[in-house]
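**Student:** Structure incoming, see below.
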Amino acid sequence: MFDVAVIDDPAAAEVTLDPVRSALLAALAEPGSASSLAEVVGLPRQKVNYHLRALEKHGLVELVEERRKGNCTERVLRATAASYVISPAALSAVAPDPSKSPDQLSARWLLALAARLVRELGQLIAGATAAKQRLATYASDAEITFATAADRAAFAGELQDVVADLVRKYHTEDAPNGRKHRFIVALHPSPKPQHDR
């Protein structure tokens, strides 16, 4: 089971958006059968089987084992990932394109960058998984409290200068064996906890 899987197929994305199927995926973090899951979602076993077949068809659940129970064979399944992210590729006709409005101070442009990041990482993870290779990535995450908006602006300016210096230092446009990497630095206010809203 993967920690996170990216869904880029529109039909698979549609399947996961059904509340019953979403609940089944969550319950299948641990292996289960239609009988055991029927109690969890409050549906008859036959209806649970119907939903499980739809999830299995799109590779969202996988068979763990089959058990003989009297005259029946009980299928035990589990989710293929602990959590899922739907890629903007699933909505390709309306997926955001950061190149259409590159405004570094726009929250919507930042969202378009994040959408592109999810789409590209989904493709890279799928390729690396198929090739049975690791994917070299790096991420940094920090939360900063600024005393004033001026401090935030000063921080963003200094960060931009440092990043530009690093890019100039390490970027080699015509390296014969070089591989391009995308680098994104984002700064946004932290959302307030749910109970504060």
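The values are calculated or read from the model by the stated rules, or taken from the named source; none is laboratory data. If you're wondering where the values come from, they're calculated on a predicted model, not measured in any experiment. When we count neighbours, we look across all protein chains shown, and the Cβ atoms used for this are built from the backbone with ideal geometry, even at glycine. Heavy atoms of the whole protein, side chains included, go into the accessibility calculation; ligands, DNA and RNA do not. Shrake-Rupley method; radii C 1.70, N 1.55, O 1.52, S 1.80 Å.
**Student:** Could you check how much of the accessible area of region 1-128 is carbon and sulfur, as a whole percent, using a 1.4 Å probe?
**Tutor:** Carbon and sulfur together cover 55 percent of it.
**Student:** Which one, SER83, GLY157, ASN49, projects farthest toward the positive side of the charge dipole computed for the chain from Cβ point charges (K/R +1, D/E -1)?
**Tutor:** The Cα lying farthest towards the positive end belongs to ASN49.
**Student:** Another question about this same structure. Can you compute the charge dipole magnitude of region 107-197 about its Cα centre, using +1 on each Lys and Arg Cβ and -1 on each Asp and Glu Cβ, nothing else charged? Give it in debye, rounded to the nearest 20.
**Tutor:** 500 debye
**Student:** Here's something else I'd like to know. If you count only protein heavy atoms with a 1.4 Å probe, what accessible area per residue comes out for region 95-197, rounded to a whole Å²?
**Tutor:** I get 90 Å² per residue for this part.
**Student:** If amide hydrogens are placed 1.01 Å from N in the peptide plane, which non-local residues have theirs closer than 5 Å to the one on VAL64?
**Tutor:** Amide H to amide H, under 5 Å and 5 or more residues apart or across chains, VAL64 pairs with VAL76, LEU77, ARG78.
**Student:** For ARG67, what is the net charge nearby, where nearby means another residue's Cβ is under 9 Å from its Cβ and Lys, Arg count +1, Asp, Glu -1?
**Tutor:** Net of charged neighbours comes to 0.
**Student:** Among DSSP beta bridges whose residues both lie in the chain, state the antiparallel percentage, nearest 5.
**Tutor:** 65 percent
**Student:** If you don't mind, there's one more thing I want to ask. Taking θ = phi - 60°, what integer Hz values does the Karplus form 6.51 cos²θ - 1.76 cosθ + 1.60 yield along region 96-102, in sequence order, with x for Gly and Pro?
**Tutor:** So the Karplus estimates, Gly and Pro as x, are x, 10, x, 6, 6, 8, x Hz.
**Student:** Still on this structure, please answer the following. 222 nm [θ] for the chain, helices only, -39500 (n - 2.57) per DSSP H run of 4+, per residue, to 500?
**Tutor:** One gets -14000 deg cm²/dmol as the mean residue ellipticity at 222 nm.
**Student:** Follow-up question, since we're still on this one. Give, rounded to the nearest 20 debye, the magnitude of the charge dipole that the chain has about its Cα centre when Lys and Arg contribute +1 at Cβ and Asp and Glu contribute -1 at Cβ.
**Tutor:** Around 600 debye, computed over the chain.
**Student:** What residues have an amide H closer than 5 Å to that of ILE7, excluding those fewer than 5 places away on the same chain, when H is modeled at 1.01 Å from N in the peptide plane?
**Tutor:** Amide H neighbours of ILE7, under 5 Å, 5+ apart: VAL85, ILE86, SER87.
**Student:** Next question. Apply the membrane-span-like helix rule to the chain: whole DSSP H runs, Cα extent along the own long axis of at least 24 Å, mean Kyte-Doolittle hydropathy at least -0.5. List the helices found.
**Tutor:** Correct list, ordered by number: 107-130, 149-170.
**Student:** Let me ask something else. Using +1 on the beta carbon of Lys and Arg, -1 on that of Asp and Glu, and nothing else charged, what's the dipole of region 6-53 about the Cα centre, debye to 20?
**Tutor:** It works out to roughly 260 debye.
**Student:** When a/c reaches 1.5 or more, the comparison of a/b and b/c decides; with that in mind, is region 1-136 rounded, prolate or oblate per its Cα gyration tensor?
**Tutor:** prolate
**Student:** Out of region 1-54, which trypsin sites (Lys or Arg not before Pro) are coil in DSSP terms and have no more than 16 other C-beta atoms within 10 Å?
**Tutor:** Loop-located and lightly packed - none at all.
**Student:** Looking at region 100-139, which trypsin sites (Lys or Arg not before Pro) are in a loop (DSSP not H, G, I, E or B) and have at most 13 other Cβ atoms within 10 Å?
**Tutor:** LYS132, ARG134
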